[in-house]
1. Suppose we keep only residues that are in contact with a helix residue (DSSP H, G or I) (Cβ under 9 Å, 6 or more places away or on another chain) and of a type outside the set (D, E, K, R) within the range 52-67. Which one would you say is surrounded by the most Cβ atoms within 10 Å (Cβ to Cβ)?
2. Looking at (1) over 17 Å from the mean Cα position of the chain (by Cα); (2) among the basic types (Lys, Arg); (3) at pLDDT 95 or above, which is the only condition Arg27 fails?
3. Evaluate the range 50-58: report whether one residue or more is among the hydroxyl-bearing types (Ser, Thr, Tyr), under 20 Å from Trp113 (Cβ atoms) and touching a strand residue (DSSP E or B) at 6+ places or on another chain (Cβ under 6 Å).
4. Regarding Thr78, is this residue farther than 25 Å from Ser122 by Cα, crowded, with 17+ Cβ neighbours inside 10 Å and in contact (Cβ under 8 Å) with a residue 60 or more places away in the chain?
5. Yes or no: the range 6-23 includes at least one residue that is touching a residue at least 12 places away in the same chain (Cβ under 8 Å), open to solvent by 20 Å² or more (accessible area, probe 1.4 Å) and touching a helix residue (DSSP H, G or I) at 6+ places or on another chain (Cβ under 8 Å).
6. Quick one: which residue in Ala110, Ala49, Ala99 is open to solvent by less than 60 Å² (accessible area, probe 1.4 Å), over 21 Å from Ser123 (Cβ atoms), free of Cβ contacts under 8 Å to residues at least 60 places away in the same chain and hydrophobic (A, V, I, L, M, F, W, C)?
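The values are calculated or read from the model by the stated rules, or taken from the named source; none is laboratory data. Keep in mind that this is a model prediction, so the values were computed, not measured. Counting neighbours? That spans all protein chains shown, and the Cβs are built from the backbone with ideal geometry, glycine included. Heads up: the accessible areas ignore ligands, DNA and RNA and are worked out on the full protein's heavy atoms, side chains in. Shrake-Rupley method; radii C 1.70, N 1.55, O 1.52, S 1.80 Å.
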Amino acid sequence: QVQLVESGGGLVQAGDSLRLSCAASGRTLSMATLGWFLQAPGKEREFVAAVNWRGDRTYYADSVKGRFTISRDNAKNTVYLQMNSLKPEDTAVYYCTAAVGYSTVVAGKADYWGQGTQVTVSS
């Protein structure tokens, strides 16, 4: 089993930055793709970003390109999401996810999910 625990969410103003972290425990995730999704109130969960196991391949939703950066530290079993120039429409619960397959994570079909961390951006 794999446990994913997100942290770093909070209430910020438009234009501010936040860094989310997701710490993994259980089975080693050094070979897994890690990703972030968000779910805004009343909406479906949607893809934000993913990073492959070596950390040299990343993929972003168009809505966050140029503003968000995903990275990982395999020694710490942790994935990060640096969020800059935050907008009110970024307000959502952010979830960490993990799977062996890159496409599996991007498609939102991974087996492992965290409990989520709330990000609220005020205008």
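1. The extreme case among them is Val64.
2. So Arg27 meets the others, but not (3).
3. Yes, the range 50-58 has at least one match.
4. no
5. The answer is yes, given that some residue of the range 6-23 is touching a residue at least 12 places away in the same chain (Cβ under 8 Å), open to solvent by 20 Å² or more (accessible area, probe 1.4 Å) and touching a helix residue (DSSP H, G or I) at 6+ places or on another chain (Cβ under 8 Å).
6. The unique qualifying residue is Ala49.
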